[in-house]
There are 2 protein chains.
Amino acid sequence: MDAALAEFTERGFEAARMEDIAKRAGISKGGVYLYFPSKTALLEALIEAKVTPLARLAQTIAANGANDPMAALRMIAAAAAHRLGDGKVFAVPRLVISVSGRFPEIAEYYRVHVVELARGALESLIQAAMAKGALRRVDPQAAARAFIGPILFEALWTHVLRGKSVLSDPEKLVQHHFDVWLNGVEHRA
Amino acid sequence: MDAALAEFTERGFEAARMEDIAKRAGISKGGVYLYFPSKTALLEALIEAKVTPLARLAQTIAANGANDPMAALRMIAAAAAHRLGDGKVFAVPRLVISVSGRFPEIAEYYRVHVVELARGALESLIQAAMAKGALRRVDPQAAARAFIGPILFEALWTHVLRGKSVLSDPEKLVQHHFDVWLNGVEHRA
DNA sequence: TGCAAATGACTGACCAGTCAGTTATATAAG
DNA sequence: CTTATATAACTGACTGGTCAGTCATTTGCA
């Protein structure tokens, strides 16, 4: 599956050759078909395998973070920056974006099992923080977007466009990001 | 080119058939080859054609907005939300993400001619606003990321994952977005 | 009548998926 | 421990179908 993910990311799903995937995994083409009935099945299995641990993670964080939501949010930002800084981790969402036109069911699967879960966890933490008076009352969806959007943008910039990146120093990214997210950019008199 | 963009987005670059593109454009397969020497050339021409007006736009905004940078920023956010709300407009960056692995030169072209320009324009506006005292002194890159990231996230959510969207009401999105961007989320005693 | 624009049947290359055959491993018998 | 047998894991040449790109022919227009 790691071999498949690498080939799919490098060449695109269509252009990736099963023989290359097999070679990369150290087996023969026929061998791949012992475990996956088709190229599409391999893609689906791959997404599913990478997604499952994420789903668990999101739920755990939301449950455990209710006591100190602000600390949990900071941890999430740091974890997200570190993980998305790794091209191999980001390869999965990148692949989902690539194939979403041709395989809407994969897009839906990813939305339901990753993004909706993560958004839900994030929003519930934000609302918990509001309830405790740590955050002002803003639209939770807007707050969640503002939380995750900039990190995602930096990941795209880095891995897709190969731009010079702040992600190489995730601590700094998170620090700046949290400063803006918490305090905004407006000058106060 | 519109036909090609649509087919590339729906099926992926590899899986898109030249005959389908031709049919969609109302000509024959051979006809396409009168104007574009190859499928790859069509892709490159398409990206280039869609990108050029954007580059001009970014420069114009940066130049004209220096007087009232805050108003310019608000306009940019509104324009970005409206445009990215349109699936046809978002199809271009989406396609770039899809093919970036196989065609790094397209990714680079897009980075240089769109994203770096836009980032540059955005950062110069933000710095102008800081100089005028309208914004506090934060890292301009972080401010620009916080500005554009959430809108990009919402576009991905809407068009790629087909999630229920706030982009259908871009005014509201921009209003919430600007509120958080300017004031942050932290509660003030 | 001449010329450019456009067509679509055709070809050569490519590759997902198959399967007859090979190798490796486990089990049983001598 | 060695040899024989059964079974599972794996291989890679092959096939059928697909499609980018070509070009002899047709269409439309001045």
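The values are calculated or read from the model by the stated rules, or taken from the named source; none is laboratory data. The model shown is predicted, which means the values in this text are computed figures rather than measured ones. All Cβ positions, even for glycine, are placed from backbone atoms using ideal geometry, and neighbour counts span all protein chains on display. These area figures cover heavy atoms from the full protein model, side chains too; ligands, DNA and RNA do not enter into them. Shrake-Rupley method; radii C 1.70, N 1.55, O 1.52, S 1.80 Å.
Annotations
- Exactly one residue among B:Lys39, B:Lys29, B:Lys50 is within 20 Å of the chain's Cα centre (by Cα) and either touching a residue at least 40 places away in the same chain (Cβ under 8 Å) or within 16 Å of DNA strand D (Cβ to nearest atom) (or both), and that residue is B:Lys50.
- Unique match (being modelled with pLDDT of 95 or more, within 16 Å of DNA strand C (Cβ to nearest atom) and open to solvent by 50 Å² or more (accessible area, probe 1.4 Å)) among B:Tyr33, B:Tyr109: B:Tyr33
- Hey, B:Ile47 assigned to a helix (DSSP H, G or I), under 27 Å from B:Thr158 (Cβ atoms), open to solvent by less than 70 Å² (accessible area, probe 1.4 Å) and away from chain A (no Cβ under 14 Å) or not: no
- Qualifying residue in the range A:115-137 (condition: within 8 Å of chain B (Cβ to nearest Cβ), within 26 Å of A:Glu48 (Cα to Cα) and surrounded by fewer than 19 Cβ atoms within 10 Å (Cβ to Cβ)): yes
- Residue list for the range A:6-18, filter: more than 7 Å from DNA strand C (Cβ to nearest atom) and crowded, with 16+ Cβ neighbours inside 10 Å: A:Ala6, A:Glu7, A:Phe8, A:Thr9, A:Arg11, A:Gly12, A:Phe13, A:Glu14
- Residues that are touching a residue at least 60 places away in the same chain (Cβ under 8 Å), assigned by TED's automatic domain parsing to the domain that holds A:Ile148 and farther than 19 Å from A:Arg119 by Cα occur at least once in the range A:73-86.
- All positions within the range B:50-63 that are of a type in the set (A, V, I, L, M) and loosely packed, with under 14 Cβ neighbours inside 10 Å: B:Ala63
- Residues of the range A:53-71 satisfying the condition of being part of a helix (DSSP H, G or I) and over 13 Å from the mean Cα position of the chain (by Cα): A:Arg56, A:Gln59, A:Thr60, A:Ile61, A:Ala62, A:Ala63, A:Asn64, A:Pro69, A:Met70, A:Ala71
- Any chance B:Ile21 is buried (at least 20 other Cβ atoms within 10 Å of the Cβ) and either away from DNA strand C (no atom under 13 Å from the Cβ) or closer than 22 Å to A:Ile106 by Cβ (or both): no
- Any chance A:Phe8 is within 20 Å of B:Arg102 (Cα to Cα), more than 16 Å from DNA strand D (Cβ to nearest atom), within 14 Å of chain B (Cβ to nearest Cβ) and in contact (Cβ under 8 Å) with a residue 12 or more places away in the chain: yes
- Check on A:Arg74, assigned to a helix (DSSP H, G or I), within 13 Å of chain B (Cβ to nearest Cβ), away from DNA strand D (no atom under 16 Å from the Cβ) and surrounded by fewer than 17 Cβ atoms within 10 Å (Cβ to Cβ): yes
- Qualifying residue in the range B:95-105 (condition: in contact with a His (Cβ under 9 Å, 6 or more places away or on another chain), assigned to a helix (DSSP H, G or I) and without any contact (Cβ under 8 Å) to a residue 12 or more places away in the chain): no
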